[in-house]
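Data block below; observations after.
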């Protein structure tokens, strides 16, 4: 991405959209999520865990620490979303899978 302003805009929009999905799903799946300062924190009580998703302006990537795994996502201008460069999974898909794995059930955001 060529301009820092574009990265921040795309990252903030992606995080806000994910947060809206997380808020709607949080009661169904028993977690809390907060969006603050360009980062989302997802907290689980049972079993206890914390996931963290944030923007990294220095690399112009979204970073997602989802349990034991960390992912870096790049902006894809064609798909108009952040994607994992190897798997081509979206941020939402990665988070759904991570929450599902943590809770040991299928999750849909």
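Would you calculate a helix-derived [θ] at 222 nm for the chain, using -39,500 (n - 2.57) for each DSSP H run of n ≥ 4 and dividing by the full residue count, to the nearest 500? Don't jump to the answer; show the numbers that get you there.
Values: 2 runs with 39 residues, N = 109.
After summing the helix terms and dividing by residue count, I get -12500 deg cm²/dmol.
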* Structure fact -> In whole percent, the Cα-Cα distances of region 4-103 spread across 10 Å bins from 0 upward as 15, 53, 27, 4
* Structure fact -> So the angle from the long Cα axis of helix 91-103 to the longest Cα principal axis of the chain, reported in degrees to the nearest 10, equals 20
* residue 68-residue 108 pseudo-label distance in nm [points 7 Å out on the Cα-to-Cβ vector] -> 2.9
* Structure fact -> For the chain the mean separation of alpha carbon contacts under 8 Å (6+ apart) over residue count, i.e. relative contact order in percent, is 18
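Report the extension gain between residue 21 and residue 86 in nm, rounded to one decimal, defined as 0.36 nm multiplied by the number of residues separating them, less their alpha carbon distance.
So the chain would gain 21.0 nm between residue 21 and residue 86.
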* Asked: Nearest 10 degrees, 0 to 90: what angle lies between the long axis of helix 4-29 and the longest principal axis of the chain (Cα atoms)?
  -> 10
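Throughout, read-outs are computed from the coordinates displayed, never taken from laboratory work. As the structure is a prediction and not an experimental result, all values here were calculated from the model. Note that we place each Cβ from the backbone using ideal geometry, even for glycine, and neighbour counts take in every protein chain shown.
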